[in-house]
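These notes concern the structure reproduced below.
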């Protein structure tokens, strides 16, 4: 996974994490990682990615951070 397929959305409130994820998905990657640090962003990015046909694995981290691993 190269860095262009990693979105660091920590410190950003919705809808910004979803918008960043949407822009990345439009490039057509088969996998993508999104780092968020709040529940709303985690839920909204998860819901959006699922609607776009991606499966999601969540990896809870320290400091309320979550790594969302999106796979096509």
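Any read-out appearing in this document is the output of simple, stated calculations on the displayed coordinates, not a laboratory observation. Quantities reported herein were computed from a predicted structural model and do not represent experimental measurements.
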Among 16, 45, 36: highest mean-square fluctuation, GNM of the chain, C-alpha pairs under 10 Å
16
In Å³ and rounded to a whole number, note down the convex hull volume per residue for the Cα atoms of the chain.
75
Whole-number percent relative contact order across the chain, with pairs defined as alpha carbons under 8 Å at least 6 apart
33
Helix 39-51 versus the longest principal axis of the chain: what angle, 0 to 90°, nearest 10, using Cα atoms?
10
